[in-house]
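Below: the structure, in structure tokens.
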Amino acid sequence: MKMKSLLLNLLTLTLITFVVSSCGKLGKSKSKGAITDGQLHGVAPGGKYNLPKPPGMVYVPQGTFHMGPSDEDISYSFTARNKQISINGFWMDATEITNNEYRQFMQWVRDSIAATILNYKKAGGDGNEIIDWKKATTIKWSDPKTLEQLNAMIVTPDNRVFGKKEIDAEKLVYRSEIFDYKEAAKRENSTKPRSQFIVKKDIKIYPDTLVWIRDFSYSYNEPMSKRYFSHPAFGNYPVVGVNWKQATAFCEWRTNYLNSFLESKKRVTESDFRLPTEAEWEYAARGGRSQAPYPWGGYYLRNKKGCLLANFKPGRGNYPEDGGFYTVRADAYWPNDFGLYNMAGNVAEWTSSLYYEGAYNFQHDMNPDIRWNAKESDPPRMKRKVIRGGSWKDVGYFLQTSARNYEYMDTAKSYIGFRCVIDLPPTAGKKNK
């Protein structure tokens, strides 16, 4: 009996050992770097963060500054009261978006529409059809046969000059799809389906080149209207004639363009490119000089040699005195201490913020922002967006970092451009250990 009991105990111990060792083998993951020792280690959403430094962008570090006038409010409008604000770090385009950069967006839209007409498609990973960009980028726009197939994109015969077949700018339409986080975050909307917060709209994206004539009555500016966006001499000049809707569409496309590439390489997607908020713009423009009225830090528009420091309307209207009659290159003049060019003058810049006269009185002191996704039925005052920085046709007052102005979101001007920001860690370009 003792012998049987001993054998039974040995057999039981052997089975327990086998089960424990088997469980250990079954629980061990074959994936690289996985740890399954019964302890909490966390699970990363993807691979290591290795996005390179965004081309053409500089990092604006987090900090605190006094938002509002650094000098007398000469108009006594009291639309910008001085207030201490804290801003999170972000990346910002060192220059305004140029004609060449915006043209990349325009040609992507053009090619995607043409590829759809020509049925240049292939099966995507999820089973849906997607554009075959290898074929789309080989479309010969100078080939008469190709133009015949793309007749739907060409101006009609009665709109042609000397019979020349040209792309109809009205047909260059970007299909925008965004998720309205602000609306979805409201408590009363917590039980509503996600589809109610997806906003879809078609946006015509070709710049309005006629602004050069429309903005200045009894003035000869036709050459700029004909050449500014289309001639290579102006390739590195800031794009103008772009309204707020088109600027936000560009940001949306830029986001999808980057994330599509990252997904193709099985890498983690990134946050959205967007227009800066009014507070972010002013913080970036000051370049760390909290109380200075201009981005270069001084109280004057000239340096000690008497040279003008920005592109604007000096004196009573000596436009060419600063070196540029209209706009100048986006990287002209010296950058501020953050490495940002033309945060004063050249072209005024769109922000994402709604213009409200008393905004400073109630907005938060941490990343302040007032947004309103205006609908077509909204009154005009709800369609006003803050523009900052002053432009080539403005007097020196509007070049101050604190000067506020606005324009309607569906209006394009020859003196308003934009630049993008993106929320990325300051270590972009450095591999995580």
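Do you know which of the residues in the range 153-186 that are among the small types (Gly, Ala, Ser) and either touching a helix residue (DSSP H, G or I) at 6+ places or on another chain (Cβ under 6 Å) or not in a helix (DSSP H, G or I) (or both) is modelled with the highest pLDDT?
Among residues in the range 153-186 that are among the small types (Gly, Ala, Ser) and either touching a helix residue (DSSP H, G or I) at 6+ places or on another chain (Cβ under 6 Å) or not in a helix (DSSP H, G or I) (or both), the one modelled with the highest pLDDT is Ser176.
List the residue pairs whose Cβ atoms are under 7 Å apart, where the first residue sits in the range 315-337 and is farther than 24 Å from Tyr283 by Cα, the second is charged (D, E, K, R) and in a loop (DSSP other than H, G, I, E, B), and the two are 6 or more positions apart or on different chains.
Taking only residues 6 or more apart or on different chains, the pairs are Tyr319/Lys313.
I'd like the full set of residues that are of a type in the set (A, V, I, L, M) and at pLDDT 95 or above, limited to the range 220-265.
Met224, Ala233, Val239, Val240, Val242, Ala247, Ala249
Does Pro144 count as at pLDDT 90 or above, more than 12 Å from Ser112 (Cα to Cα) and not polar (S, T, N, Q)?
No, not satisfied.
May I ask you to list the residues in the range 369-402 that are crowded, with 21+ Cβ neighbours inside 10 Å, in contact (Cβ under 8 Å) with a residue 40 or more places away in the chain and among the aliphatic types (A, V, I, L, M)?
Passing the criteria: Val386, Leu399.
Among the residues in the range 249-269, are any under 21 Å from Gly345 (Cα atoms) and out of contact with any His (no Cβ under 8 Å at 6 or more places or on another chain)?
No, the range 249-269 has no match at all.
Could you go through the range 337-345 and let me know if any residue there is in contact with a Lys or Arg (Cβ under 7 Å, 6 or more places away or on another chain) and of a type in the set (A, V, I, L, M).
No, the range 337-345 contains no residue that is in contact with a Lys or Arg (Cβ under 7 Å, 6 or more places away or on another chain) and of a type in the set (A, V, I, L, M).
Could you tell me which of the residues Arg384, Arg419 is under 20 Å from Met92 (Cα atoms), basic (Lys, Arg) and modelled with pLDDT of 95 or more?
Every option except Arg419 fails the conditions.
Just one of (1) at pLDDT 95 or above; (2) over 18 Å from Ala247 (Cα atoms); (3) among the aromatic types (Phe, Trp, Tyr) trips up Tyr406, so point out which.
(2)
Is it true that Ala348 is buried (at least 22 other Cβ atoms within 10 Å of the Cβ), touching a helix residue (DSSP H, G or I) at 6+ places or on another chain (Cβ under 7 Å), of a type in the set (A, V, I, L, M, F, W, C) and under 30 Å from Cys307 (Cα atoms)?
Considered against the rule, which asks whether it is buried (at least 22 other Cβ atoms within 10 Å of the Cβ), touching a helix residue (DSSP H, G or I) at 6+ places or on another chain (Cβ under 7 Å), of a type in the set (A, V, I, L, M, F, W, C) and under 30 Å from Cys307 (Cα atoms), Ala348 comes out as no.
What are the residues in the range 371-390 that are part of a loop (DSSP other than H, G, I, E, B) and either of a type outside the set (Asp, Glu) or within 24 Å of the chain's Cα centre (by Cα) (or both), if any?
Arg371, Trp372, Asn373, Ala374, Lys375, Glu376, Ser377, Pro379, Gly389, Gly390
Within the range 329-337, can one find any residue that is buried (at least 24 other Cβ atoms within 10 Å of the Cβ), charged (D, E, K, R) and at pLDDT 95 or above?
For the range 329-337, residues buried (at least 24 other Cβ atoms within 10 Å of the Cβ), charged (D, E, K, R) and at pLDDT 95 or above: absent.
I'd like to know if the range 203-219 contains one or more residues that are under 30 Å from Thr327 (Cα atoms), assigned to a helix (DSSP H, G or I) and either at pLDDT below 95 or aromatic (Phe, Trp, Tyr) (or both).
So far as the range 203-219 goes, yes, one or more of its residues are under 30 Å from Thr327 (Cα atoms), assigned to a helix (DSSP H, G or I) and either at pLDDT below 95 or aromatic (Phe, Trp, Tyr) (or both).
Filtering the range 255-292 down to residues that are of a type in the set (Asp, Glu) and touching a residue at least 24 places away in the same chain (Cβ under 8 Å), which residue is nearest to Trp244 (Cα to Cα)?
Among residues in the range 255-292 that are of a type in the set (Asp, Glu) and touching a residue at least 24 places away in the same chain (Cβ under 8 Å), the one nearest to Trp244 (Cα to Cα) is Glu278.
Looking only at the range 391-414, count how many residues are part of a loop (DSSP other than H, G, I, E, B) and either under 18 Å from Glu357 (Cα atoms) or in contact with a Ser or Thr (Cβ under 6 Å, 6 or more places away or on another chain) (or both).
Qualifying residue count, the range 391-414: 7.
Identify, from the list Tyr341, Tyr356, the residue that is of a type in the set (Ser, Thr, Tyr) and either touching a residue at least 60 places away in the same chain (Cβ under 8 Å) or surrounded by 21 or more Cβ atoms within 10 Å (Cβ to Cβ) (or both).
Testing whether each residue is of a type in the set (Ser, Thr, Tyr) and either touching a residue at least 60 places away in the same chain (Cβ under 8 Å) or surrounded by 21 or more Cβ atoms within 10 Å (Cβ to Cβ) (or both) leaves just Tyr341.
Condition check ((1) on the phi < 0 side of the Ramachandran plot; (2) assigned to a loop (DSSP other than H, G, I, E, B); (3) in contact (Cβ under 8 Å) with a residue 40 or more places away in the chain) across all residues:
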position: Phe65; (1), (2), (3): yes, no, yes
position: Asp71; (1), (2), (3): yes, yes, yes
position: Asn100; (1), (2), (3): yes, no, yes
position: Phe105; (1), (2), (3): yes, no, yes
position: Arg110; (1), (2), (3): yes, no, yes
position: Ala115; (1), (2), (3): yes, no, no
position: Lys134; (1), (2), (3): yes, no, no
position: Ile139; (1), (2), (3): yes, yes, no
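Would you call Ala233 part of a helix (DSSP H, G or I) and surrounded by 12 or more Cβ atoms within 10 Å (Cβ to Cβ)?
no
The values are calculated or read from the model by the stated rules, or taken from the named source; none is laboratory data. Keep in mind it's a predicted model, so treat the numbers as computed, not measured. Quick reminder, even Gly has a Cβ in these numbers, built from the backbone with ideal geometry, and neighbours come from all protein chains shown.
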